[in-house]
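Below is one structure, written out as structure tokens; the observations come after it.
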Amino acid sequence: MKVSIFGSGYVGLVTGACLAEVGNDVVCIDIDEAKIERLNRGEIPIHEPGLDDLIARNMQDGRLHFTTDIDVAVAHGLFQFIAVGTPPDEDGSADLQYVLAVARSIAERMQDYRVIVNKSTVPVGTADRVRAALNERLLAIGKQVEFDVVSNPEFLKEGAAIDDFMKPDRIVVGTDNPRTTELLRALYAPFNRNHDRLVCMDIRSAELTKYAANAMLATKISFMNELANLAELLGADIEKVRVGIGSDPRIGYHFIYPGCGYGGSCFPKDVKALERTARDTAYQAKLLQAVEAVNESQKHRLFEKISRHFGGDLEGKTIAVWGLAFKPNTDDMREAPSRSLIEKLWAHGARVRAFDPVAMDEARRIYGTRSGLVLCETTDLTLEGADALVIVTEWNVFKSPDFPLIREKLSTPVIFDGRNIYDPESLKSLGFSYYGIGRGGN
């Protein structure tokens with residue numbers, strides 16, 4: 001099948017590469033000329049395991065193309081995927097200007113039937129707005145062309161997106177007629193062979209499903225962080241509690257790991273957008289408000305522990321930070337807890353020496369060159385002249401370090417573990433002061 005994808009960011013690239021991998025003829029379009037030039041040179045602008053090889057293979061085989069030419073894209077695909085950004089507006093709502101601009105661009109150029117697929121994460125009712133934008137533009141230029149609009153939200157985890165797309169646990173499709181349902185069923189047939197993963201529903205329900213999924217996962221994280229904070233006051237160990245409740249199949253172990261807060265491009269934005277949607281309907285979503293408030297507070301827990309340990313005086317202190325990305329296997333630092341911590345440390349006169357396996361370039365892009373930040377090439381180098389070590393992201397490479405070397409390098413042997421990847425008793429036996437999240441009174 002012929003597919004056009006508007007937006008060559010995270011969702012657009014993964015969607016395009018995976019659809020091409022099963023034999024479809026895919027054109028990805030973006031208005032960013034520099035990005036398209038990089039992609040055509042084989043340079044991938046994001047870090048996602050396996051994506052570079054997937055794109056290279058399908059470009060070489062002629063199934064995946066990148067262009068800035070909107071005319072080419074609209075003429076190419078029966079399916080016109082919209083996968084552009086929906087950044088949060090000042091009031092927390094999703095900004096749909098790019099989605100609607102794409103819809104108008106398609107309307108101006110399409111000559112025959114097209115299926116417009118909303119792949120971007122968008123509020124309930126966006127399909128109606130896309131349809132209206134298409135109709136208004138067609139009317140303005142005096143054209144009559146048939147089209148359908150469908151909702152097909154993505155459920156991709158950064159760091160595991162290829163597997164998520166190629167082996168999905170569900171494929172949500174929101175349509176308003178049987179024809180588009182069957183067209184989407186045919187497009188996704190290669191991913192749907194073992195058993196039927198297609199979950200068909202009305203368009204508004206599909207739009208809400210995406211937000212509901214992310215809000216539920218964010219709620220689990222904030223709930224566990226709330227419990228972790230309580231565990232500290234009660235002298236309990238949240239990690240033991242986690243195992244105790246996770247063994248209940250009604251709860252399970254996924255997304256119940258306490259830590260220093262969630263970040264990234266999805267959970268913070270989507271919780272805020274859903275809460276804003278509720279307000280627009282005159283409904284007060286108290287739980288969503290609490291989820292967001294708990295997470296914002298949790299991002300400051302590590303700083304509070306560091307400040308308390310050093311008696312509130314961080315002026316001139318040097319803090320080694322391991323992990324900058326909001327989670328492992330990505331270079332995404334959007335809303336990352338590391339940013340809250342680093343900026344708070346700077347505000348109180350501390351310096352930072354940081355390392356991340358893949359997010360160093362992103363950190364340089366965000367912060368540039370400044371005296372309070374040294375980006376080190378190895379974990380060991382972060383320890384030079386450092387007064388404390390902080391773990392912010394649970395990369396595998398951090399899980400079994402050389403503790404005697406760490407103790408030797410640090411001016412004071414103290415570790416702040418924002419992801420609970422170390423055993424408190426083991427570190428204390430090695431002479432460290434250890435601070436985790438919800439680990440019994442620290």
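Rounded, prolate or oblate: which fits the stretch 259-435, taking a ≥ b ≥ c as square roots of the Cα gyration tensor eigenvalues, rounded meaning a/c under 1.5, else prolate when a/b beats b/c? Please list the in-between numbers first.
Details: a/c = 1.94, a/b = 1.73, b/c = 1.12.
Prolate.
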Check your understanding: For the stretch 185-332, what is one quarter of the convex hull surface built on the Cα atoms, given in nm²?
Key -> 13.5
Check your understanding: Can you flag which of Lys35/Lys167; Lys210/Lys305; Lys119/Lys272 are past 30 Å Cα-Cα?
Key -> Lys210/Lys305
Practice item. Compute the accessible area per residue over the chain, keeping the other protein chains in place, probe 1.4 Å, unit Å². Key: 44
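Using r as the Cβ-Cβ distance of Asp95 and Ala132, and R0 as 22 Å, what FRET efficiency do you calculate, to the nearest 0.05?
According to the calculation, E is roughly 0.80.
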Review point. His195 to Ile366: extension gain in nm, 0.36 nm per residue of separation minus the Cα-Cα distance?
Key: 57.2 nm
Review point. Within the stretch 154-188, what residues put their amide N at less than 18 Å from the label point 7 Å along the Cα-to-Cβ vector of His254?
Key: 154-173
**Study point:** Computed helical MRE - 222 nm, the chain, DSSP H runs ≥ 4 contributing -39500 (n - 2.57), nearest 500
**Key:** -13500 deg cm²/dmol
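Using per-residue counts of other Cβ atoms within 10 Å, averaged over each peptide, order 116-122, 139-145, 314-320, 106-112 from highest down.
Values: 116-122: 24.1, 139-145: 9.9, 314-320: 19.1, 106-112: 17.1.
Top to bottom by mean Cβ count within 10 Å: 116-122, 314-320, 106-112, 139-145.
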Practice item. Using only Cα atoms, tell me the angle between helix 97-109 and the longest principal axis of the chain; keep it within 0 to 90° and round to the nearest 10. Key: 20
Review point. What is the diffusion coefficient of the chain in µm²/s, taking the Kirkwood radius over Cα pairs and the Stokes-Einstein relation at 37 °C with a viscosity of 0.692 mPa s?
Key: 139
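I need the peptides 398-406, 52-60, 279-287 ranked by packing, meaning the mean over residues of other C-beta atoms within 10 angstrom, with the highest value on top.
Details: 398-406: 14.4, 52-60: 16.7, 279-287: 11.6.
The densest-packed peptide leads the list: 52-60, 398-406, 279-287.
Full-extension gain between Ser247 and Asp423, please, as 0.36 nm times their residue separation minus the C-alpha to C-alpha distance. Walk me through the intermediate numbers first.
On the way: separation 176, 0.36 × 176 = 63.36 nm, distance 2.06 nm.
Fully extending the segment from Ser247 to Asp423 adds 61.3 nm.
Counting DSSP beta bridges in the chain, what percent are antiparallel, to the nearest 5? Each step should come with its number before you reach the end.
Working: 3 of 47 bridges.
Antiparallel bridges make up about 5 percent of those DSSP assigns within the chain.
For a 31 Å ceiling on Cα separation, which of these pairs sit above it: Lys2/Lys143; Lys299/Lys409; Lys157/Lys317; Lys240/Lys327?
Values: Lys2/Lys143 23 Å; Lys299/Lys409 27 Å; Lys157/Lys317 36 Å; Lys240/Lys327 23 Å.
Long pairs (Cα-Cα over 31 Å): Lys157/Lys317.
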Practice item. Name the long-range amide H neighbours of Val149: under 5 Å, sequence gap of 5 or more, or other chain; modelled H, no Pro or chain starts. Key: Ile116
Revision key, fill the gap. Diffing the stretch 141-157: the Karplus 3J(HN,Hα) column from phi (6.51, -1.76, 1.60, θ = phi - 60°), in whole Hz with x for Gly and Pro, holds 9, x, 10, 10, 10, 6, 7, 10, 10, 10, 10, 9, x, 8, 10, 9, 8
Point to revise | Degrees, to the nearest 10: 267-280 long Cα axis against longest axis of the chain | key: 60
Review point. Which of the listed residues, Ala325, Gln284, Pro401, is farthest toward the dipole's positive end in the stretch 259-435, when Lys, Arg count +1 and Asp, Glu count -1 at the beta-carbon?
Key: Gln284
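The values are calculated or read from the model by the stated rules, or taken from the named source; none is laboratory data. Note that the structure is a prediction, hence the values are computed from the model and not measured. Virtual Cβ from ideal backbone geometry, glycine too; neighbours counted across all protein chains shown. Please note that ligands, DNA and RNA were not included when accessible areas were found on the heavy atoms of the full protein model with its side chains. Shrake-Rupley method; radii C 1.70, N 1.55, O 1.52, S 1.80 Å.
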